[in-house]
Amino acid sequence: MYYDVIMAGFGGQGIMLMADILALIAMKEGKNVTWMPSYGVEMRGGTANCTVVVSSEEIGSPVTGHPYSAIVMNEPSLLKYEPMVRPKGFLLLNTSLIDPEKTNRKDIDKLLLPANEMAQRLGNSQMANMVAMGAFIEKTKIVSLELAIKLLPEMFPNRPSSFISNNSRAIEKGAEFASNGGDFSV
């Protein structure tokens, strides 16, 4: 088993956190993982992307030129990473910030996810990354959704229980969206 994903968006959208969670889950499941972040020069609002490779075998390099999938949270990321996704790959597109008409590929599977709107309906727009993470995990099955939720207290040991339960709910709602074809009732 080998799977690679590039997650990308503006700094401050929680791109690195999504990648951290994915990598931690895969490690807890006994898989080999690489995590390679890349930041723009700005502290907030610049570009941020992270490549995560998950494999049952030893990983030769954290670099990938044509990943199986990409999670794009803003339009500049769509323009840069959509062409890189392998044919028959998967693209998760945050339609809150990206017009779906801007996607050109017909040879990949796409999930059009209104991550920001869903997070706002859940009470906090900063949880859009958790919505996207839940949808990605549900769609790809690369790691366990249950373990993603179970590991949140370990990832955030000093946060209140309400923070953990809100983020758990965001992950669950993202997964529900992916599994039932685009409904996001809250």
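Quick one: residue 148 ticks every box in (1) in a helix (DSSP H, G or I); (2) under 16 Å from residue 20 (Cα atoms); (3) of a type in the set (A, V, I, L, M); (4) at pLDDT 95 or above bar one, so which box is it?
(4)
Would you say residue 98 is of a type in the set (A, V, I, L, M, F, W, C), surrounded by 15 or more Cβ atoms within 10 Å (Cβ to Cβ) and assigned to a loop (DSSP other than H, G, I, E, B)?
Answer is yes for this residue.
Scan region 7-65 for residues that are at pLDDT 85 or above and among the acidic types (Asp, Glu) and jot them down.
Matches in region 7-65: 20, 29, 57, 58.
What is the one condition in (1) surrounded by fewer than 23 Cβ atoms within 10 Å (Cβ to Cβ); (2) within 14 Å of the chain's Cα centre (by Cα) that residue 147 does not satisfy?
So residue 147 meets the others, but not (2).
How many residues are in contact with a helix residue (DSSP H, G or I) (Cβ under 9 Å, 6 or more places away or on another chain) and without any contact (Cβ under 8 Å) to a residue 24 or more places away in the chain when one looks only at region 91-107?
Of the residues in that region, 5 qualify.
Which count do you get for residues in region 98-145 that are touching a Leu at 6+ places or on another chain (Cβ under 8 Å), polar (S, T, N, Q) and at pLDDT 95 or above?
Residues that pass the stated criteria total 2.
The values are calculated or read from the model by the stated rules, or taken from the named source; none is laboratory data. None of these values were measured; they are calculated from a predicted model. Reconstructed Cβ throughout: ideal geometry from the backbone, glycine too, with neighbour counts over all protein chains shown.
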